[in-house]
Amino acid sequence: MNLTRWSARLPGTQRRGAVPAARGKAGEAAADSATPARGTGRTRGGESGDPAADAGDPAVPGVLSRLPALIAVTHGPAHRVGFVNDAYTDLFGPRGTGRPARDALPELAELGLLPLMDQVHRSGRPRTVKARKVTWSDGTSPTRQGYFTFTCTPVDEDDPDPERRGVLVFAADVTDQVQSAQRLRESERRLHETAVTLQRSLLPQELEQPDDLRVAATYQPGGTDAAVGGDWYDVITLGAGRTALVIGDVMGRGVRAAAVMGQLRTAVRAYARLDLPPHEVIQLLDGLASEIDPTQIATCVYAVHDPSEGRLSYASAGHLPILIRDPDGTVHRADEPTGPPLGTGGWIHSSGSIPLGPGCTAVLYTDGLVERRHQDIDEGVDALTGALAGATGAPQVICDRLLRALGVTSEHDDDVAVLVLQYPDHTGTDAELFRNASLDLLGGVEAAPRARAFASGVLASWRFPLELRDLGVLAASELVANSLKHGTPPMRLRLRRTDRRLIIEVTDGDEHLPRRRRAEPGDEAGRGISIIATIASGWGSRRTPGGGKAVWCEFALPDPVNV
């Protein structure tokens, strides 16, 4: 059986050089015999409508009829049907020959294949459409659906007579492959959703909102795979109006990176409660990262905002610089100091500071926001600087604008975390709710009475209720007495109020931090801190950068406050 001519036209085969000669001989034999071919081929005017008959081999249609793929052969610009195999008729029902495909094979029109067949007939080049959805029914069973890949291959494409040129439609059933791919995509989607849920559960469910700052954060998971990243951020209120802000990135992706991130974030919150300077927190994290996984490194920046000083102190472990936008739109970078990433060990970290006064905005971010494969990361930071210069509005609005300006979408290939904080410039009636007062104490027996008189006058001018004024005066007296007994000059009493709390703080030159202890009945001292802890809603102490310490307490204000 000679299949040379047909194999040259099936998908994936090469046309051989001997085919034109064979075609000529076969055409002569067909013209002489005018014998109908087997299957659904028929003669018309002494010329067979089945190209297999033209090939001079009546066994070809029988072979094609037994193939499991759907096969139909047409000829001429109108695509008159010359042959359909058994698999085709089993699926779509009996189909006649000799008529145009638009009428005889309506399913090809419904699938949008007729324009494709036109292209193949004109160009002589094969075309393929993959995984086309097909619906069929035999009239007795429910409607069924499947997916087929259709390949339209030219037949006799070298023949100058367009009526003799034809198209072979070959359809392979790919339903199992398509359904497997759909199941795989659905499984990957569920895994990705689970991974993102895991990642988000390790991040703050709700950011703490400090009295003096407006804070918002955005986390955008990268890619569509199931691997999670190690980006994290946090906002921690330290007391006395101070706020710690942290953002970091564990290198790599996967559950291991997320687990290390979760441990580091928990450790940061624990170290922050010690109210340590930023570089000491980073130093502790560096040692902890080495213990968790010596092969895993992470970048991190830890910053503390003190509204009384109007500055942001920070320490960085290999992280990108904090950006500060002034009220006039000028953007500054907190570039120094920067140490190596966490987990490298052997480095003594140090703290730096940058002004962050009323009206300023600060942005902390991970490398996914600015790093691109086709450009240097410094170019990305420059682009972020330009975007921040023109970004105004609430912190969440700025987060969204920065993501759009840097081209971060749901298809972004890396995780992105952005933390934006604003220090509002309080004016008008709002300014009455945020006020400060301080008194320098020189020591001596008159220091305590001066402190009580000062506190009483300030709290009265702030229109606090009498009960709160009395508690504030008592707290100021006890803190000053403790400083006079255990501290050294210079000493200062500072009173501060926000819209939610009253803060009383005393600083001195001694670095010894007080601690609460239980006083025995016969003890003449040791009760001051216990009194503070009893009457105040919170208290604490910390070492100050220039040496010495600060001891503070705070009272929650009644709601609403009469001002």
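The values are calculated or read from the model by the stated rules, or taken from the named source; none is laboratory data. Nothing here was measured: the structure is a model prediction, and the numbers come from that model. Please note: Cβ atoms are built from the backbone with ideal geometry, for glycine as well, and neighbour counts cover all protein chains shown. Accessible surface is based on the protein model in full, side chains and every heavy atom, while ligands, DNA and RNA are left aside. Shrake-Rupley method; radii C 1.70, N 1.55, O 1.52, S 1.80 Å.
Structure values in brief
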read-out: Amide H contacts of LEU113 (H built 1.01 Å from N, under 5 Å, at least 5 apart or other chain); value: none
read-out: Calculated from backbone phi, Karplus (6.51, -1.76, 1.60) coupling profile of the range 408-415 in Hz, x at Gly/Pro; value: 8, 10, 5, 8, 4, 8, 9, 5
read-out: Backbone N under 20 Å from the ALA131 label point (7 Å along Cα→Cβ), restricted to the range 174-218; value: 174-193
read-out: Estimated distance in nm for a label pair at ARG404 and ASP293, the labels positioned 7 Å out from Cα along Cα-to-Cβ; value: 3.6
read-out: Debye log10 I(q)/I(0) for the range 443-563, one point scatterer per Cα, at q = 0.13, 0.15, 0.22, 0.23 Å⁻¹; value: -0.50, -0.66, -1.29, -1.37
read-out: For the range 78-104 versus the range 256-311, the gap between their alpha-carbon centres in whole angstrom; value: 73
read-out: Per residue solvent-accessible surface (Å²) - the chain, probe of 1.4 Å; value: 47
read-out: Estimated distance in nm for a label pair at GLN119 and ALA172, the labels positioned 7 Å out from Cα along Cα-to-Cβ; value: 1.9
read-out: Relative contact order of the range 124-261, defined on C-alpha pairs under 8 angstrom at six or more residues apart (%); value: 15
read-out: Qualifying aspartates and glutamates (Cα of each under 12 Å from Cα of LYS549; at least 8 residues distant if same chain); value: ASP275, GLU505, ASP508, ASP510, GLU511
read-out: Exposure rank, largest accessible area first [LYS130, LYS485, LYS549; 1.4 Å]; value: LYS130, LYS485, LYS549
read-out: Solvent-accessible ranking of ILE377, ILE529, largest area first, probe 1.4 Å; value: ILE377, ILE529
read-out: Size of electric dipole in the range 279-438: Cβ of Lys, Arg +1 and of Asp, Glu -1, about Cα centre, debye, nearest 20; value: 320
read-out: Share of carbon and sulfur in the accessible heavy-atom surface of the chain [1.4 Å probe, %]; value: 51
read-out: Vicinal HN-Hα couplings computed from phi for the range 167-176 (Karplus, 6.51 cos²θ - 1.76 cosθ + 1.60; Hz; Gly/Pro x); value: 9, 9, 9, 10, 10, 9, 6, 10, 4, 4
read-out: Selected from GLY252, ILE535, GLY390, residue furthest toward positive end of dipole (the chain; charges at beta carbon); value: GLY252
read-out: Pairwise FRET efficiency - GLU186 versus ARG273, Cβ, R0 = 45 Å, nearest 0.05; value: 0.55
read-out: Candidate aspartates and glutamates - alpha carbon under 15 Å from LYS130, same-chain residues fewer than 8 apart omitted; value: ASP173, ASP176
read-out: Rg to Rh, two decimals, where the chain supplies the alpha carbon set and Rh follows Kirkwood; value: 1.32
read-out: Placed amide H near ASP414: partners under 5 Å, 5+ positions off or other chain; value: GLY223
read-out: Length-normalised contact order for the chain - Cα pairs under 8 Å, 6+ apart - percent; value: 9
read-out: Under-5 Å amide H pairs with VAL174, H placed in peptide plane, nonlocal only; value: TYR147, PHE148, THR149
